[in-house]
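The next block holds one structure in the form of structure tokens; read it before the comments.
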Amino acid sequence: MGVWWPNVWADCTKFVQRCVDCAAYHGVPERTAHRLNESALKFRDKYVMDFQGPFKKTKRGNLHFFTCVDSATMWFWGRPTAAKDAGTVIKILREIFLEFGAPRIIRADNGFGFSEGSRIKKFLRAEFPNTRLVLGTAYNPKSQQAIER
């Protein structure tokens, strides 16, 4: 004979959390909330960037696609690229920054083009000192938000 108990898990969890003996033996760990990333309230507060590909090689020799999104407005930039390295990133960022202005924060994953972060940071310190590069956690695409969608 079966019994229907619609809230069995919730009720058991509450019971175990209130049980003194259960808590003394093996307490229920609190879940930590996912830390929110830097907020972007207006255009040029934060850009999030990534490389897509490799794709089929084009006639111009491009294999990858560099993507960049402004987090506040969702304004998008994209550039086809042959290489996926820090030199390519610096060249594209210089173009974007000179046309639209430099952001307060740049967020990128630990992908190949951005893992040479010291070279990109050196470029930012020299030419755009008010811009900070923040690299996301490896194998955690959530930290790149809209660019990974």
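Rule-based calculations on the coordinates, nothing more; no lab input. Everything quoted here is computed from the prediction, not taken from an experiment. Cβ atoms come from the backbone with ideal geometry, glycine included; neighbour counts cover every protein chain shown.
Proximity of backbone amide H atoms, modeled 1.01 Å from N, is registered between VAL134 and ILE106, ARG107, ALA108 at under 5 Å, excluding neighbours fewer than 5 places apart on the same chain. Taking amide H as placed 1.01 Å from N in the peptide plane, the amide H of LYS46 sits under 5 Å from that of SER71, ALA72, ARG104, ILE105, each at least 5 places away or on another chain.
Going from the residue with the fewest nearby Cβ atoms within 10 Å to the one with the most, LYS84, LYS42, LYS56, LYS91 rank LYS56, LYS42, LYS91, LYS84. Arranged from fewest to most other beta-carbon atoms within 10 Å of their beta carbon, MET49, MET74 become MET74, MET49.
For THR81, nonlocal amide neighbours, meaning residues 5 or more places apart or on other chains whose placed amide H falls under 5 Å from its own, are LEU63, HIS64, PHE65, PHE66.
Equivalent-ellipsoid semi-axes for the stretch 46-148 (Cα gyration tensor, √(5λ), whole Å, largest first): 20, 16, 14.
So which of LYS42/LYS121; LYS59/LYS91; LYS59/LYS122 end up more than 26 Å apart, counting from Cα to Cα? Those over the limit are LYS59/LYS122.
Under 18 Å of direct C-alpha separation, and excluding same-chain neighbours fewer than eight residues apart, LYS14 reaches no lysines at all.
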